[in-house]
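The values are calculated or read from the model by the stated rules, or taken from the named source; none is laboratory data. Since we're looking at a predicted model, the values are computed, not measured. Glycine also receives a Cβ, built like all others from the backbone with ideal geometry; neighbour counts cover every protein chain displayed. These accessible areas exclude ligands, DNA and RNA; they are computed on the full protein's heavy atoms, side chains included. Shrake-Rupley method; radii C 1.70, N 1.55, O 1.52, S 1.80 Å.
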Amino acid sequence: MTAVVAEHMGVKYGNTDALKDVSFRVTESAIVAVMGPNGAGKSTLLRAMLGLVRHTGILTIDGRDPVEHPGLRRTMGYMPQREHLAEHIPLRVRDIVLMSLIATKMPLSSISRSDVSAAKQALREVGLEHLWNAPFHTLSGGQRQRILLARALATGPRILLLDEPFTGMDLPSQEAFVRVLMKRREEGTTSFVVVHDMTTLAPCADYVLLLRGRMIAFGPPAEVLNEENLREVYGRSVPVLVHGGVCYALVGDRHA
Ligand code: ADP
């Protein structure tokens with residue numbers, strides 16, 4: 001089944017195009033790597049899928065427009081880029097994970113037993129259940145990212161939108177993170193993952209979407225990650241390495 005469709009989709013901020021001419025079809029049970037330099041429109045695409053910014057052209061999640069159907073947001077798990085959770089509020093890990101479960105409820109205060117077990121299950125999935133009571137701000141960057149993933153997973157989303165989730169993570173944590181995405185894919189979840197470097201995601205990505213203010217290419221990694229496309233995206237020559245049938249673009253971390 002098709003999960004997300006874009007046809008000549010774009011986003012304008014005022015009169016300026018942040019993104020234009022994006023067309024793709026992504027099935028359920030897929031992992032999509034979204035790549036492009038800073039300012040390419042990657043976060044804008046995720047925000048459009050959440051229905052947070054208005055788009056032009058066609059963009060549908062399960063056949064419905066996310067702006068016209070804001071309830072679709074409840075079927076999505078979102079991990080924004082570099083979350084700034086107020087440092088002076090003494091949040092514990094459990095508060096962070098429970099946030100996504102209570103955000104969709106009224107009144108906000110009601111936390112049910114099933115919310116607690118869903119939050120614990122999500123933490124178990126990322127291997128950090130033992131940190132349930134730990135103060136969030138004392139944890140390492142990699143642990144925080146995995147906890148924010150648990151928060152996105154806790155509601156059982158059909159679509160995961162992850163904006164640079166690997167920032168501040170060491171390689172073993174990145175690999176553990178990818179294993180979670182692969183397990184969720186087996187259960188039908190489709191993940192869009194913004195990455196600067198394909199090293200961790202290359203062995204499991206089904207599609208790559210290359211952006212630079214517009215869509216440069218979309219398709220399976222072996223088709224899309226070639227020198228011509230990467231030069232168009234990054235404006236310089238990017239070496240491509242094929243190892244064990246898997247295609248790696250050696251972009252490096254260009255994030256400021
Ligand atoms: P990326 O995630 O690839 O770094 P973004 O989606 O954040 O790119 O930004 C794409 C373009 O849209 C950039 O030129 C950025 O400056 C602009 N932009 C992003 N958010 C806004 C906003 N809220 N208002 C105006 N322009 C924005």
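At a glance:
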| quantity | calculated |
| --- | --- |
| Nonlocal Lys pairs with alpha-carbon distance under 27 Å, the chain (8 or more apart, or different chains) | 6 |
| Sequence ranges 113-123, 200-210, ranked by mean other-Cβ count within 10 angstrom, highest first | 200-210, 113-123 |
| Positive-end extreme of charge dipole, the chain - chosen from 121, 99, 209 (charges on Cβ) | 99 |
| Within the chain: Cβ-based charge dipole about Cα centre, in debye rounded to nearest 20 (Lys, Arg +1; Asp, Glu -1) | 660 debye |
| Linear extension gain, residue 24 paired with residue 64, 0.36 nm per residue minus alpha-carbon span | 12.9 nm |
| With Cα atoms, 0 to 90° folded angle of helix 93-103 axis to the chain main axis | 80 degrees |
| Backbone N within region 120-154 under 20 Å of label point (7 Å from residue 112 Cα along the Cβ vector) | 120-123, 151-154 |
| Diffusion coefficient, µm² s⁻¹, Stokes-Einstein with Kirkwood Rh over alpha-carbon pairs of the chain at 25 °C and 0.890 mPa s | 131 µm²/s |
| Sum of -39500 (n - 2.57) over DSSP H runs of 4+, divided by residues of the chain (222 nm, nearest 500) | -8500 deg cm²/dmol |
| Sites residue 121 and residue 175 - FRET efficiency at Förster radius 30 Å, r taken between beta-carbons, to 0.05 | 0.90 |
| Nearest-20 debye value, region 1-70 charge dipole, Cβ charges on Lys, Arg, Asp, Glu | 200 debye |
| Accessible area (Å², per residue) of region 2-249, counting only protein heavy atoms and a probe of 1.4 Å | 45 Å² |
| The chain: angle of helix 113-125 to the longest principal axis, Cα-based, in degrees nearest 10 | 50 degrees |
| Antiparallel %, DSSP beta bridges [both residues in the chain], to 5 | 55 percent |
